[in-house]
Amino acid sequence: MSHVPSGMSTQAAASMTTCDVLVVGGGPAGSTISALLAERGWNVHVLEKDAHPRFHIGESLLPQSVPMLRKLGVLPDIEKIGIIKYGADMVSHYHGRSSMFYFAKAIDSSQPYAFEVKRSEFDAILMKNAVAKGAHLHEGLKAQRVEFRPGSSSIVHAEDRAGRPVAWEAKFVVDASGRDTFLSAQLGGKHRSATHNSAAIFGHFERVTRLPGRDEGNITVGWHDHGWCWLIPFKDGTMSVGVVCWPDYIRSRQVALDQFLLDTLALMPSIAERMKQAKLITEVYAAANFSYRRETMSGEGYLMVGDAFAFIDPMFSSGVHLALNSAMMGADVVETYLQGSPEYRPRCREFDRTVRRGIDTFSWFIHRFTQPALRDLFMSTRKPLKMEQAVLSLLAGDVFTQSRARLPLFYFKVAYYLTYVLNWKQNRTAARRRRQGLQTTVTNLKDYAVNHKT
């Protein structure tokens, strides 16, 4: 090496590795885009600050993710670790009943099931697949910053666990760092959601009562006065249990986090009944103030995929699905750049439009999920004009094209606003509390997935 790049120690410069693509983050988005690009012959390196397997939430997969897992070649391994999920059980103590939504009734019924998985096992399978296809994995390394050099390759600076500097010279950088939002920390442009703000508390339990028969693997979602909850069963008999709440409610906490979780679950009688014999087997984790989006997701020589660009809410299990989709589409964008094609900018624009379409479709429902009007519609025994099939298409993850579901979803939105007006006092009260929550920040919880402030 003839010279030391700006800001780099001689030690780091001496150990600098060159590659086509440097991927920051080894979660579903990072491992997927790495596998696809390595399979096509590109020299791909992945930096992962932790080591697989590692804990993560987002354990409930969506049916429309299954074809992508099949394309990656990992579906047989996922089938071994996952329990089949045929639908979603919506529970409302306000209505005194539950309602089961089966994916087989979706407008696109070609994929009638998904899986519930432990993310530690799921993520490890995806990363092992990327390595098997030629990606070079470096665990225990944390990316620090990127030195962008217009018209040339970029220098990615990182540190190992001992604080020793290492560096890569890469033609292209993919930010798949999840909620660490690595590039946003450097470049700015990331904003908390102006329309949604909530926080989650969760852990893994054993001896939680499961649904009977074929429904054993289905996710359960229930409403409470301060948000909603999830129960996600695993193949080994354990279960992921969590609550998503308005920040003002979490800030009122005066007991230990595990007790606060149980106290909140007790607000829902049918959920509390299933938790009677439950025993916590992990620590209780928290994710605070988690809705955000960046202004842009691509630039000259870089791309953001998955949660590195935006995160909405655990509702509808959208995180992994959006990560897999953006990584699948992102691989084509990256390859266009590496080939020097003039199609790179048009591909970036199409990638941007498609990803945002999926996020926006999920967001409309997520932001209104705790409104009494939406709760009433989900629990209604009458869903005309194919509205149930359209909602099931959303729950299945069919949010990127929606050519057949678009009109029924429009009817559903019209029904929502009519239901809102018919019970306007209650809905206005809920909406007001939601708006007030936008101004509240939870400061007494450490976000398990974030290692720095952005």
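The values are calculated or read from the model by the stated rules, or taken from the named source; none is laboratory data. Please read all numbers here as calculations on a predicted model, not as lab measurements. A quick note on method: Cβ atoms are made from the backbone with ideal geometry, for glycine too, and the neighbour counts reach across all protein chains shown.
Would you pick out the residues in the range 362-401 that are in contact with a Pro (Cβ under 8 Å, 6 or more places away or on another chain) and either under 18 Å from Ser193 (Cβ atoms) or without any contact (Cβ under 8 Å) to a residue 40 or more places away in the chain (or both)? Passing the criteria: Leu385, Met387. Go over the candidates Gly237, Gly242, Gly306, Gly330 one by one and state the one that is farther than 30 Å from Gly41 by Cβ, buried (at least 24 other Cβ atoms within 10 Å of the Cβ) and not hydrophobic (A, V, I, L, M, F, W, C). Only one candidate qualifies: Gly242. Any residue that is modelled with pLDDT under 90 and of a type outside the set (Val, Ile, Thr) - is there at least one of those in the range 372-380? The answer is yes, given that some residue of the range 372-380 is modelled with pLDDT under 90 and of a type outside the set (Val, Ile, Thr). Inclusion of Ala130 among residues that are on the phi < 0 side of the Ramachandran plot, buried (at least 21 other Cβ atoms within 10 Å of the Cβ), in contact with a strand residue (DSSP E or B) (Cβ under 6 Å, 6 or more places away or on another chain) and at pLDDT 95 or above is not warranted. Within the range 190-216, the set of residues being part of a loop (DSSP other than H, G, I, E, B) and at pLDDT 85 or above comprises Arg207, Val208, Thr209, Arg210, Leu211, Pro212.
Residues of the range 193-233 that are of a type in the set (Phe, Trp, Tyr) and touching a helix residue (DSSP H, G or I) at 6+ places or on another chain (Cβ under 9 Å): Phe202, Trp223, Trp228, Trp230. Taking the conditions (1) without any contact (Cβ under 8 Å) to a residue 24 or more places away in the chain; (2) crowded, with 20+ Cβ neighbours inside 10 Å in turn, Ala266 satisfies each one other than (2). Note on the range 295-312: among residues that are of a type outside the set (Ser, Thr, Tyr) and part of a strand (DSSP E or B), the one that is farthest from Ser154 (Cα to Cα) is Phe311. When the range 93-107 is filtered for residues that are crowded, with 19+ Cβ neighbours inside 10 Å and in contact with a Ser or Thr (Cβ under 8 Å, 6 or more places away or on another chain), the ones remaining, listed by number, are Phe103, Ala106, Ile107. Set side by side, the residues Val21, Val117 differ, and just one is more than 19 Å from the chain's Cα centre (by Cα), modelled with pLDDT of 95 or more and crowded, with 18+ Cβ neighbours inside 10 Å, which is Val21. Regarding Glu79, is this residue out of contact with any Leu (no Cβ under 7 Å at 6 or more places or on another chain) and either without any contact (Cβ under 8 Å) to a residue 40 or more places away in the chain or among the aromatic types (Phe, Trp, Tyr) (or both)? When the stated conditions are applied, Glu79 passes them.
Can we say Gly188 is over 19 Å from the mean Cα position of the chain (by Cα), assigned by TED's automatic domain parsing to the domain that holds Phe351 and either free of Cβ contacts under 8 Å to residues at least 60 places away in the same chain or at positive phi (or both)? Yes; evaluated as a whole, the condition is true for this residue. Taken residue by residue, the range 406-419 has no member that is within 18 Å of Arg97 (Cα to Cα), modelled with pLDDT of 85 or more, out of contact with any Lys or Arg (no Cβ under 6 Å at 6 or more places or on another chain) and surrounded by fewer than 20 Cβ atoms within 10 Å (Cβ to Cβ). Taking the numbered list (1) crowded, with 17+ Cβ neighbours inside 10 Å; (2) free of Cβ contacts under 8 Å to residues at least 60 places away in the same chain; (3) over 23 Å from the mean Cα position of the chain (by Cα) in turn, Asp160 passes all entries but (1). Residue count for the range 18-46 under the criterion of being farther than 22 Å from Gln144 by Cβ and assigned to a helix (DSSP H, G or I): the result is 7. Taking the listed residues Ala415, Ala396, the one that is of a type in the set (A, V, I, L, M, F, W, C), within 30 Å of Pro67 (Cα to Cα) and in contact with a Leu (Cβ under 7 Å, 6 or more places away or on another chain) is Ala396, with no other qualifying.
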